[in-house]
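Visitor: Below: one structure in structure tokens.
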Amino acid sequence: MTVSFSLSPEAAAPRLHVARRTLERLRSVPALAERYPGHLDADSLDGLAGLPPLAKDDLNTALAHLEPAAEQAATWLFQSGGSTGAPKVGYAPTGFYMAGVHAHWQPLDRTDVFVNAWGAGRMWGAHFLAAALADLSGCRIIALGSVAKEEFGDWLAFLAARKVTAIGGTPSVLRLWFAHARATGLRLPSLRKVLWLGEAWQPQLADDLAVVAPRARRWGMFGSTETWVVGTNTPHCPADVFHPLPDHLVHADADGLLDFTTLDPEVLNPVLRYRTGDAGGLTTCPCGRPEPAVRIAGRRDSVVQVRGLGLDVDELIARAEREPGVARAQVVLTERGGRATGVEVLVLTGRPDPGPGPGAGSSPDSAADVERLRKELFAATFTLSTAFQHDPESFRVRPVDELVSNGRTGKTAALVVREES
């Protein structure tokens, strides 16, 4: 058996007792006991690779039965946000395991003025997780949270006056901030660090940063509500490559699907070969660190059913984003009674209009030939041309100033599902 894990057998051995304990917890769940017969064990990486992967519904079943509780802290309960699937529940003790992250990854220090721009509250943990990291660093913190579009100007002026050195948020939210700053001519010369978590890094964000805050460099975290932070990267790493933390074991199977096992003794979620839907593989990072890193290729759960046919959302978006003038794209699926009544591709064709001021309006190269793009996507995508052959007008491409985002988390999903009344 070829086993591709982010830790060597020697490095993993002292921590595998946590995996064995997690296995016993899962065996105690009546609905899952048959998945883990007695001859299966997690006494080695080979043994761990022989266990069946844990899916989202399995984990929710386990958590409902186990009702995790922290031994020496409060127990925080969160659900994931930004996706269109069923909620994924996660538990964490006070501190959100960030002491272990801070021991290996320290983007902030005592001299920083850090803006925490992840949305706060409403059952998403990113704001609190980042606050715990910033607290460990000893820096000054501006706990900003969510900000309405019309407030960007005043807050950006305040942040510039306070000489902020670091900001953190989801890339979708950060891009709104920096696109507005660029369009209005505002600069943040003191900003040196941009922390991000929750989505893939966006190249357009890097373009805006180069103008608004040319000294700023990105520092990324990768994880989920169930696994918490699995890995991190630095400005010297590619944006899609992360170094797993010692208390997380990442496994890549032959199909390129990733699963995650948490080896932190304080873990509350029974994360044992848990599949988040992400694909990727182990790689060597050009930053020079010798241990294996993980390249995240994207999600593999992007195929949705449209009138009995599978539509690959990621492929459709990739086709749209190759069109000149299209910065980003998003698919909106409208359903009635479980049947698709329409598919719409929203295309972001220019920068958000900040209103009066220098640089207001869309950039001159933002014009996309939307009707030609609609015809090309329709003809080139078998699912669309077949599913809507009798009502082709039910597939549309529409230019927008902003994509649909989750008001709770600020994340912008590739797919939005709407139920028609």
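The values are calculated or read from the model by the stated rules, or taken from the named source; none is laboratory data. What you see is a predicted model, and the numbers here were worked out from it, not measured in a lab. Cβ coordinates were reconstructed from backbone atoms using ideal geometry, including for glycine residues, and neighbour counts include every protein chain displayed.
Visitor: Scan region 77-95 residue by residue and report those that are surrounded by 15 or more Cβ atoms within 10 Å (Cβ to Cβ) and either at pLDDT 95 or above or within 29 Å of Pro9 (Cα to Cα) (or both).
Guide: Gly90, Tyr91, Ala92, Pro93, Gly95
Visitor: Right, something else. For the condition of a type in the set (A, V, I, L, M), part of a loop (DSSP other than H, G, I, E, B) and touching a residue at least 12 places away in the same chain (Cβ under 8 Å), what is the one hit in Leu51, Leu63? Quick ask: steps written out before the conclusion?
Guide: Working: Leu63 fails: part of a loop (DSSP other than H, G, I, E, B).
When all the criteria are applied, what remains is Leu51.
Conditions tested, residue by residue: (1) closer than 24 Å to Lys88 by Cα; (2) in contact (Cβ under 8 Å) with a residue 40 or more places away in the chain; (3) in contact with a Pro (Cβ under 7 Å, 6 or more places away or on another chain).
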site	(1), (2), (3)
Arg140	no, no, no
Leu144	no, no, no
Val147	no, no, no
Gln202	no, yes, yes
Val212	no, no, no
Phe222	yes, yes, no
Ala239	no, no, no
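Visitor: Right, next: Could you tell me which residue of region 283-326 is surrounded by the fewest Cβ atoms within 10 Å (Cβ to Cβ), considering only residues that are small (Gly, Ala, Ser) and under 19 Å from the mean Cα position of the chain (by Cα)? Write out each step before concluding.
Guide: Residues of region 283-326 that are small (Gly, Ala, Ser), as a first pass: 288, 293, 297-298, 302, 308, 310, 318, 320, 325.
Keeping just the survivors that are under 19 Å from the mean Cα position of the chain (by Cα) gives 293, 297-298, 302, 318.
Values: Ala293: 23, Ala297: 14, Gly298: 14, Ser302: 19, Ala318: 12.
Selected residue: Ala318.
Visitor: Also, quick follow-up: For the list (1) touching a helix residue (DSSP H, G or I) at 6+ places or on another chain (Cβ under 8 Å); (2) modelled with pLDDT of 90 or more; (3) part of a loop (DSSP other than H, G, I, E, B); (4) not aromatic (Phe, Trp, Tyr), I need the number of the one condition that Ala19 fails.
Guide: Evaluating Ala19 over (1) touching a helix residue (DSSP H, G or I) at 6+ places or on another chain (Cβ under 8 Å); (2) modelled with pLDDT of 90 or more; (3) part of a loop (DSSP other than H, G, I, E, B); (4) not aromatic (Phe, Trp, Tyr) leaves (3) as the failure.
Visitor: Considering only region 229-237, I want to know if a residue exists there that is touching a strand residue (DSSP E or B) at 6+ places or on another chain (Cβ under 6 Å) and either among the hydrophobic types (A, V, I, L, M, F, W, C) or farther than 22 Å from Trp196 by Cβ (or both).
Guide: Yes, there is a match, as at least one residue in region 229-237 is touching a strand residue (DSSP E or B) at 6+ places or on another chain (Cβ under 6 Å) and either among the hydrophobic types (A, V, I, L, M, F, W, C) or farther than 22 Å from Trp196 by Cβ (or both).
Visitor: Checking Glu376 against (1) over 27 Å from Pro171 (Cα atoms); (2) at pLDDT 85 or above; (3) surrounded by fewer than 14 Cβ atoms within 10 Å (Cβ to Cβ), which test does it fail?
Guide: It is condition (3) that Glu376 fails.
Visitor: Does Ala99 satisfy the criteria of being among the small types (Gly, Ala, Ser) and either out of contact with any helix residue (DSSP H, G or I) (no Cβ under 7 Å at 6 or more places or on another chain) or free of Cβ contacts under 8 Å to residues at least 24 places away in the same chain (or both)?
Guide: On the way: among the small types (Gly, Ala, Ser): yes; either out of contact with any helix residue (DSSP H, G or I) (no Cβ under 7 Å at 6 or more places or on another chain) or free of Cβ contacts under 8 Å to residues at least 24 places away in the same chain (or both): no.
Here the answer is no, as Ala99 does not meet what is asked.
Visitor: Please indicate, with yes or no, whether at least one residue in region 346-369 is modelled with pLDDT of 90 or more and charged (D, E, K, R).
Guide: Here is the first cut: in region 346-369, the ones modelled with pLDDT of 90 or more are 346-348.
Those still in the list that are charged (D, E, K, R) too: none.
So far as region 346-369 goes, no, none of its residues is modelled with pLDDT of 90 or more and charged (D, E, K, R).
Visitor: Which residue, of Arg25, Arg21, is touching a residue at least 60 places away in the same chain (Cβ under 8 Å) and more than 24 Å from the chain's Cα centre (by Cα)?
Guide: Values: Arg21 fails: touching a residue at least 60 places away in the same chain (Cβ under 8 Å).
None of the others qualify; the one that does is Arg25.
Visitor: Mind checking which residues of region 221-273 are in contact with a Cys (Cβ under 8 Å, 6 or more places away or on another chain) and assigned to a strand (DSSP E or B)?
Guide: Answer for region 221-273, where residues must be in contact with a Cys (Cβ under 8 Å, 6 or more places away or on another chain) and assigned to a strand (DSSP E or B): Val241, His243.
Visitor: May I ask you to list the residues in region 101-136 that are of a type in the set (Gly, Ala, Ser), assigned to a helix (DSSP H, G or I) and surrounded by fewer than 18 Cβ atoms within 10 Å (Cβ to Cβ)?
Guide: Quick first cut of region 101-136, residues of a type in the set (Gly, Ala, Ser) only: 103, 117, 119-121, 125-126, 130-132, 134.
Subset that is assigned to a helix (DSSP H, G or I): 103, 126, 130-132, 134.
Across region 101-136, the qualifying residue is only Ala103.
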